[in-house]
Amino acid sequence: MNKISRKGFLKIAAAAAMSGVTAGALAACNAASSSSTAASGAASGAAGTYIPGTYEGTAEGISSTVKVTMTFSDSAVTDVVVDTSGETASYGAAAADQLKEQLLAAGSAEIDGVSGSTITSDAVMKAAKSCFAQAKGEATVSSVQLPTGDENDWLGKEPDIDEAAITETVDTDIVIVGAGNGGMFAAAYAAANGLNFRIIEQNAAVQDTQIGRAHV
């Protein structure tokens, strides 16, 4: 075995230590580069993620309908307009610019929102989600405000019906609209509880998707 002097040993150890430092630095640079790439990817998707265009979403805020308009390229959000002008002036309305910047930075509808404007922020996020869904070609469902009537008429205004068109009148505890799965379960429950009920179905027969069968 070849002998090595103390001085030679220290040279080799120092060289090995420097190699370790260099390797660690390179690993750190690669990790930083990967993190930077991942962060950049968070604000934009892969090419073809979106259908390029401008889309609009709305949601109810604390005192108005909040509107968000977003413009997309095929891979990223390129512009955002947040309209909260109908919200409380010093809170929701004043938060529009911050919410816009958050949406642009996030590249998604998942943002922190603005403190003190929670309801407005939630409305902006809901509206933004609608924009993203449209840009991805996904179906969106808009909420519809049904007539509420008053405390004595919760169904709203009664429709006008020509008396001459009424051929039969039936007294019943419950009317079930639709003889699908939900309607048939409702009928089974009504029957089990001894209720007098009728099922209204627009088709000639109970749908094939029913589970179980109730006698009408």
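Key figures for this structure:
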{"quantity": "Gain on full stretching of the segment that runs from residue 172 to residue 195 - 0.36 nm per residue minus C-alpha separation", "calculated": "7.4 nm"}
{"quantity": "Extension reserve of the residue 136-residue 79 stretch, reckoned as 0.36 nm per residue once the Cα distance is removed", "calculated": "18.9 nm"}
{"quantity": "Mean-position separation - Cα centroids, region 167-199 and region 61-118, in angstrom", "calculated": "46"}
{"quantity": "Surface accessible to a 1.4 Å probe, per residue, for the residues of region 43-139, Å²", "calculated": "49"}
{"quantity": "Per principal axis, descending, Cα span of region 61-124 in whole Å", "calculated": "35, 19, 14"}
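The values are calculated or read from the model by the stated rules, or taken from the named source; none is laboratory data. Keep in mind the model is a prediction, meaning the values are calculated, not measured. Protein only, heavy atoms only, side chains kept; ligands, DNA and RNA dropped before computing areas. Shrake-Rupley method; radii C 1.70, N 1.55, O 1.52, S 1.80 Å.
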